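For reference, the structure discussed in these notes is given below.
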Amino acid sequence: MGLFDKQFSKIASYLDLRRNQGKVSESFHSNPVHWPSEKNRNLVLSQDTAVELGNPKEVSTCFLLWTDKPDGLKNGRISVVGPDLPRLVGRQVSFGRVVTVGGSDDGLWKRSVT
């Protein structure tokens with residue numbers, strides 16, 4: 001059993017449920033994007049955006065899961081659950097981002113824990 005198998009299963013079930021409700025849109029991206037273009041700029045101010053995702057006043061989360069069984073992963077797939085960005089212009093909304101990665105950890109987890 002992989003380290004994050006339970007979490008992958010829960011996320012897959014959640015996405016299936018939302019797909020059946022018609023609340024998931026998916027796209028595929030294959031070209032790397034480097035944004036923002038200014039060096040050392042990790043903070044984007046709300047006045048520079050159309051939608052503020054993850055405002056500190058809202059519930060938000062972000063995490064990464066990896067698996068050594070990448071069969072169910074599709075490289076470049078982006079799944080959006082909920083309203084798409086054009087419907088949110090001018091709003092501050094909760095935001096969740098889950099990044100899934102497939103490959104071998106080569107013992108990295110064990111080295112970092114011990």
Cβ pairs under 6 Å, 6+ apart or interchain, first in segment 81-92 and small (Gly, Ala, Ser), second loosely packed, with under 11 Cβ neighbours inside 10 Å and outside any helix (DSSP H, G or I), ordered by first then second residue, are none
Take the residues of segment 51-62 that are out of contact with any strand residue (DSSP E or B) (no Cβ under 6 Å at 6 or more places or on another chain) and loosely packed, with under 11 Cβ neighbours inside 10 Å: which is nearest to Phe28 (Cα to Cα)? Val59
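Every read-out reported here was derived from the displayed coordinates using simple, explicitly stated rules and does not represent laboratory data. Only a predicted model underlies this, so the values are computations on that prediction, with no experimental measurement involved. As a convention, Cβ positions derive from the backbone with ideal geometry for all residues, glycine included, and neighbour counts pool all protein chains shown.
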